[in-house]
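This report refers to the structure that appears directly beneath it.
The values are calculated or read from the model by the stated rules, or taken from the named source; none is laboratory data. Keep in mind that this is a model prediction, so the values were computed, not measured. Don't worry about glycine lacking a Cβ; one is built from the backbone with ideal geometry, like all the others, and counts go over all protein chains shown.
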Amino acid sequence: MLKNTSRPINSPSALSESLSAAAVTPHKPFPLMLGSQASVLADTLGFLSARDATSISLSTHSLNTAIKSPAFQVLWLQHIQRDYPGSVTQQPSPQAYYEAARRFQDQALDLLLKPFNQIKSYDYSMIKQTVSHFKTSTFRQRAGYLTQWNKDLGLYQLKNADPKNISLQGLTELTPEVMQHLTVINQKTPIIKLAIHYGYLAQLPKALMALLSTCTQLKRLSLRKNQLQSLPENLLQTCAQLETLDLSYNQLQSLPENLLQTCAQLETLDLVYNQLQSLPETLLQACTQLDVLELSDNQLQSLPENLLQTCTQMQQLSLNHNQLQSLPENLLQTCNQLQQLDLNHNQLQSLPENLLQACTQLQQLDLNHNQLQSLPENLLQACTQLQILWMNHNQLQSLPENLLQTCNQLKRLDLNHNQLQSLPEPLLQACTQMQLLFLNHNRLQSLPETLLQACTQLDVLELSDNQLQSLPETLLQACTQLKLLVLNHNHLITVTRNNFSHLPNSCTLFIDSQTPVGASSSSAISPEQKTAENEDEPRQKKVKYQA
């Protein structure tokens, strides 16, 4: 609905006078139009707000300013007035809004497509939104606008680019003029880095293939955030110097088997956020220098056993957010440089016993949010450098006694949200560097007395939401550095002062308010009595009671 005014407005001058007066006092912006038409219009307003300026700057701030400005509302209401004669205080029909919007868009686009040499700065995200709305609006049938858009935007970006480091963003197509300019650049100065991203390319044109065949010095290629569904097999045939390939955020469902056969220098391959369901077994056969492989957020259900056979330099492997139900036993047998392995958010029910046998440099292992019910006893035997282990949100009911016996560098262990009923007494005896231990949201009924004996560096101990009825008096004896102890939401009948006597005064304790805290195991006093009894002590541990 248009905002009611005190009198009919029948001319542009009256509109301008009325809106200028309204701008002085607080008011809600006039509604623009309905549905997607409003979105299309909104993305062109940044240009309109600076239509008389020598430079045009697109930003969220200038966009919002333009929408609320009297100048814009005068322009918009003029179009409404033309299509819906009479007072703007009356309610125009949706059809009137639509017709006025179309005419307004025509004017906006005429301005939008002025030569780009007038534009000195712009926001790529705004351009991306604009192109998106163009493709889904009435302009779909008006290819001339998009072609001109791609030509002008592409040539502008090339004009201001470093010839060795080309970046093209926001394009729905690579026009002949843009490709010709790219070819000339590469002939004069070999392109080292080429990024054609944040656009809407559904397929790669033959002209780009021809260009890549001449880019023998190319070291980095990014096609991320397009709409690519497939890739030509000979895409990288002459790119023997390629070190980084970014194909993330596309719609790739499969990859050519020989895609990387010439890429012996490839170090980083990013394929995240695609729709890959499987991988060719020989995909990485030539990639002997590969050290980062990103495959997260796909639809992978299995992996070829020899996928990483030649990847002896691999340091980071991300397979999280897929649909993996199992892993090949020899998947990592040559990855003796691997430092980070991410397998979270899959459907793994078990792990091969020798999976990590070669991973002597592994520092981070993420297995959270799977369906693991048990772990092989020797799973981590070779992982002497392991520092962080995430196994939360699984279905673990028990742990092998010697699971961590070689992990003397472990600093963080996450076992929360499992089904653990007990813990083996020697579990942490080698973990002298442990700082963070999360055991909350399990079914623990008791804890071994010497469980934390070696954990002299422990900072945080999370035991909430279990079924603990008591604590061994010497459980925390070695934890002289503890800063946070969380015990609430258990079944503790009583705890004694001996439980906390070795904790530093700065330690914060969370415990249920109904849990009695006793002077010894044979007597108990209420929290209020405990506070009153210790009033004369110079410093007190911070105790927070939670219902």
- [ ] Output yes when any residue across the stretch 370-386 is under 30 Å from ASN250 (Cα atoms) and not small (Gly, Ala, Ser), and no when none is.
- [x] yes
Open item on the list: Looking only at the stretch 163-190, filter to residues that are part of a helix (DSSP H, G or I) and of a type in the set (S, T, N, Q); which one of those is surrounded by the fewest Cβ atoms within 10 Å (Cβ to Cβ)?
Closed with: GLN187
Open item on the list: Of the residues SER374, SER422, only one is among the small types (Gly, Ala, Ser), within 18 Å of SER326 (Cα to Cα) and surrounded by fewer than 20 Cβ atoms within 10 Å (Cβ to Cβ); which?
Closed with: SER374
- [ ] Report, by residue number, each residue of the stretch 471-495 that is within 15 Å of GLN514 (Cβ to Cβ) and surrounded by fewer than 20 Cβ atoms within 10 Å (Cβ to Cβ).
- [x] ASN488, HIS489, HIS491, ILE493, THR494
Open item on the list: Can you tell me which residue is farthest from the chain's Cα centre (by Cα) among those in the stretch 299-322 that are surrounded by 21 or more Cβ atoms within 10 Å (Cβ to Cβ) and outside any loop (DSSP other than H, G, I, E, B)?
Closed with: LEU317
Task: The lone exception for LEU293 - which of (1) part of a loop (DSSP other than H, G, I, E, B); (2) of a type outside the set (Ser, Thr, Tyr); (3) at pLDDT 95 or above it fails - done: (1)
- [ ] Would you be able to tell me the number of residues in the stretch 205-227 that are farther than 15 Å from LEU259 by Cα, aliphatic (A, V, I, L, M) and assigned to a loop (DSSP other than H, G, I, E, B)?
- [x] 1
TODO: Give me the pairs, please: first residue somewhere in the stretch 210-222 and under 13 Å from ALA240 (Cβ atoms), second residue anywhere and small (Gly, Ala, Ser) and at pLDDT 95 or above, beta-carbon distance under 8 Å, and either six or more positions apart or on two chains.
DONE: THR216/ALA240; LEU221/ALA195
TODO: Scan ALA382, ALA454 and give me the residue that is part of a loop (DSSP other than H, G, I, E, B), farther than 27 Å from ASN322 by Cβ, of a type in the set (Gly, Ala, Ser) and at pLDDT 95 or above.
DONE: ALA454
Task: Scope the stretch 167-208; condition polar (S, T, N, Q) and either touching a strand residue (DSSP E or B) at 6+ places or on another chain (Cβ under 6 Å) or within 17 Å of ARG220 (Cβ to Cβ) (or both); matching residues - done: SER167, GLN169, ASN186, THR189
Task: Which listed residue, of SER326, SER350, SER318, is within 27 Å of GLN275 (Cβ to Cβ) and in contact with an Asp or Glu (Cβ under 7 Å, 6 or more places away or on another chain) - done: SER318
Task: Residues of the stretch 249-283 classified as in a loop (DSSP other than H, G, I, E, B), under 14 Å from GLN315 (Cβ atoms) and among the aliphatic types (A, V, I, L, M), total - done: 1
Open item on the list: Can you pull out every residue in the stretch 380-395 that is hydrophobic (A, V, I, L, M, F, W, C) and surrounded by fewer than 20 Cβ atoms within 10 Å (Cβ to Cβ)?
Closed with: ALA382, ILE388
Open item on the list: Can you go through LEU153, LEU171, LEU194 and tell me which one is out of contact with any helix residue (DSSP H, G or I) (no Cβ under 7 Å at 6 or more places or on another chain) and within 25 Å of TYR249 (Cα to Cα)?
Closed with: LEU194
Open item on the list: One residue is enough: does the stretch 191-200 have a residue meeting the conditions assigned to a helix (DSSP H, G or I) and closer than 13 Å to CYS239 by Cα?
Closed with: no
TODO: Would you confirm whether any residue within the stretch 242-260 is hydrophobic (A, V, I, L, M, F, W, C) and either modelled with pLDDT under 95 or surrounded by fewer than 16 Cβ atoms within 10 Å (Cβ to Cβ) (or both)?
DONE: no
Open item on the list: Checking the structure you have, find out if any residue of the stretch 285-298 is surrounded by fewer than 18 Cβ atoms within 10 Å (Cβ to Cβ), within 22 Å of GLN363 (Cβ to Cβ) and of a type in the set (Ser, Thr, Tyr).
Closed with: no
Task: Number of the condition not met by SER326 [criteria: (1) surrounded by fewer than 17 Cβ atoms within 10 Å (Cβ to Cβ); (2) under 22 Å from VAL292 (Cβ atoms)] - done: (2)
